[in-house]
1. Quick one: which helices (runs of 4 or more DSSP H) sit completely within the range 226-338 and have at least 2 residues that are within 21 Å of the chain's Cα centre (by Cα)?
2. Hey, any hits in the range 118-137 for a residue that's in a helix (DSSP H, G or I), more than 20 Å from Met183 (Cβ to Cβ) and either in the same structural domain as Val389 (by TED's automatic domain parsing) or among the aliphatic types (A, V, I, L, M) (or both)?
3. Tell me the helices (runs of 4 or more DSSP H) entirely within the range 1-108 that contain at least 2 residues that are surrounded by 18 or more Cβ atoms within 10 Å (Cβ to Cβ), touching a residue at least 60 places away in the same chain (Cβ under 8 Å) and basic (Lys, Arg).
4. Select, from Pro62, Pro49, Pro96, the only residue that is over 24 Å from Ser366 (Cβ atoms) and touching a Leu at 6+ places or on another chain (Cβ under 8 Å).
5. If you scan the range 148-166, which residues turn out to be surrounded by fewer than 20 Cβ atoms within 10 Å (Cβ to Cβ) and either among the acidic types (Asp, Glu) or part of a helix (DSSP H, G or I) (or both)?
6. Do you know which of the residues in the range 307-327 that are over 23 Å from Leu147 (Cβ atoms) and either of a type in the set (Gly, Ala, Ser) or outside the structural domain of Cys440 (by TED's automatic domain parsing) (or both) is surrounded by the fewest Cβ atoms within 10 Å (Cβ to Cβ)?
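The values are calculated or read from the model by the stated rules, or taken from the named source; none is laboratory data. Source: prediction; values computed, not measured. Positions of Cβ are backbone-derived with ideal geometry, glycine not excepted, and every protein chain shown enters the neighbour counts.
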Amino acid sequence: MTDNKKFMILLTCCFSSFLTPFTGSSINIALPSISKEFSMNAMLLSWVPTSYNLAAAMFLVPLGRLVDIYGREKYYKSGIIVYTVFSLLSAVAGSPVALIIYRVFQGLGGAMIFGTSNAILTSSFPKEERGKILGINLSAVYLGSSLGPILGGFLTYSLGWRHIFTANVLVGVAAAIIAFTAMRDKEEAKPEKFDLAGSVSYCIALIFIMYGFSVLPSMQGWSLVVLGALGLAFFGFIEMRHKQPVLDIKLFRSNTVFILSNLAAFINYSATFVVGFLLSLYLQYIKGMSPQQAGLVLVAQPVLMAVFTSYAGRLSDRIEPGIIASAGMALTTAGLFMLAFLGNNSPLWFIIAALILIGFGFAFFSSPNTNAIMSSVDRQYYGIASAFVGTMRLTGQMMSFGIIMIIFSFMIGKAKITPEYYGQFLQSAKTGFLVFGILCFIGIAASLFRGKVRKQEV
């Protein structure tokens with residue numbers, strides 16, 4: 001493969017990797033405008049972001065298996081088309097139900113994109129460049145997260161929320177043109193059958209778990225999480241008896257590095273995803289900042305992630321990825337423990353310093369950890385491994401919100417966050433940061449042990 005073609009493949013992966021986080025973070029800014037236009041209640045409005053996340057999570061692993069059977073590039077290009085088409089339909093949606101349905105199909109397209117991109121990059125570049133390339137791709141992800149609130153707010157204020165989806169269409173068209181130019185579908189289909197029964201049971205179990213996390217700590221939420229866990233156990237039983245399973249259990253039986261790396265990813269996302277949400281409320285309620293001012297403070301974390309992730313990836317090509325990822329988790333843990341000491345009069349520099357630590361930590365964790373995961377499997381499993389990384393991210397994010405909702409229910413209850421409840425809110429946020437810090441500290445142990453196991457296997 002020529003250097004020019006490899007560059008084009010990297011470019012299209014970066015374009016598409018930018019799309020999905022940009023949409024997610026920008027849509028959150030636009031939710032009040034969407035609610036006003038469609039007169040949506042809070043429950044229905046919550047389905048605008050949730051429908052996308054649910055669809056993306058449930059389709060990731062089955063699509064990862066299809067990718068390994070029928071070819072990565074074919075599904076990747078199809079994913080860009082699906083995502084772009086339903087972005088266009090979302091921009092012209094005439095009702096809240098239509099918008100939610102289009103978001104479900106956007107989630108399907110998103111699963112086809114970010115469940116495949118790591119596999120394409122891993123198979124297109126030599127092992128000694130893998131960390132650098134995966135890091136550059138992750139930088140595009142964090143750039144999308146960074147620009148989403150800023151550009152999304154500008155588009156919503158100046159042109160209306162529908163133009164967020166219009167911007168997605170423009171980027172999607174550019175990514176599709178590059179993808180169809182650089183990727184030629186030379187991969188041949190494998191003589192294997194798709195495990196439909198296992199895929200259906202997996203999807204149903206994950207829907208229960210993801211939706212259960214979103215409505216914790218209600219009894220319905222706990223019941224759904226338990227049912228989902230039982231469903232995953234049943235799924236594992238099916239897969240052990242299937243000759244060509246959608247998720248090969250061998251990856252978990254004999255590949256300790258794969259298991260621990262994915263566990264570390266799940267813990268890391270569970271411990272960090274809700275930081276921006278809590279600090280946004282803190283800065284606006286406790287510090288009295290405007291949304292724009294709070295956004296400028298919070299952007300410190302994703303900007304550092306975007307800038308330094310590619311460097312961390314290059315570093316992991318020369319140094320054991322587990323060591324770098326563990327150091328990153330340690331920095332993130334320090335930042336979370338700092339935020340556990342927030343008070344009414346905490347200076348702004350203290351908050352920014354904690355965000356810088358978390359941003360550096362996440363940058364030095366994510367690409368080395370992804371490098372370790374993709375390097376721990378054979379080429380035939382690249383698609384399913386890439387999909388599983390995405391699944392850990394999405395379920396970790398939902399878990400993060402589930403944890404903080406449980407804390408809020410005990411300390412604030414169903415009361416709105418008004419001035420008389422600011423004290424309880426602050427205590428809830430501090431408790432949350434403490435819990436997340438402890439969780440991330442536990443993750444360091446899993447990450448370090450993963451490095452020892454890898455050395456033994458080598």
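1. Numbers: elements: 250-253, 256-272, 275-281, 291-298, 300-316.
Where helices (runs of 4 or more DSSP H) fall fully within the range 226-338 and carry at least 2 residues being within 21 Å of the chain's Cα centre (by Cα), they are 256-272, 275-281, 291-298, 300-316.
2. Narrowing the range 118-137 to residues in a helix (DSSP H, G or I): 118-124, 127-137.
After this cut, where a residue has to be more than 20 Å from Met183 (Cβ to Cβ) as well, the list is 127-128, 131-132, 135.
Now narrow it down to the ones that are either in the same structural domain as Val389 (by TED's automatic domain parsing) or among the aliphatic types (A, V, I, L, M) (or both): none.
Scanning the range 118-137, I find no residue that is in a helix (DSSP H, G or I), more than 20 Å from Met183 (Cβ to Cβ) and either in the same structural domain as Val389 (by TED's automatic domain parsing) or among the aliphatic types (A, V, I, L, M) (or both), so the answer is no.
3. Numbers: elements: 3-38, 42-70, 72-91.
Correct list: 72-91.
4. Details: Pro62 fails: touching a Leu at 6+ places or on another chain (Cβ under 8 Å); Pro49 fails: over 24 Å from Ser366 (Cβ atoms).
Within the list Pro62, Pro49, Pro96, the selection yields Pro96.
5. Matches in the range 148-166: Ile150, Leu151, Gly153, Phe154, Tyr157, Ser158, Arg162, His163, Thr166.
6. Ala327
Table: residues versus (1) over 18 Å from Thr332 (Cβ atoms); (2) small (Gly, Ala, Ser); (3) in contact with a Cys (Cβ under 9 Å, 6 or more places away or on another chain); (4) free of Cβ contacts under 8 Å to residues at least 12 places away in the same chain.
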site: Gly359; (1), (2), (3), (4): no, yes, no, no
site: Thr370; (1), (2), (3), (4): no, no, no, no
site: Met374; (1), (2), (3), (4): yes, no, no, no
site: Tyr381; (1), (2), (3), (4): yes, no, no, no
site: Ala385; (1), (2), (3), (4): yes, yes, no, no
site: Gly396; (1), (2), (3), (4): no, yes, no, no
site: Met405; (1), (2), (3), (4): yes, no, no, no
site: Phe408; (1), (2), (3), (4): yes, no, no, no
site: Ala429; (1), (2), (3), (4): no, yes, no, no
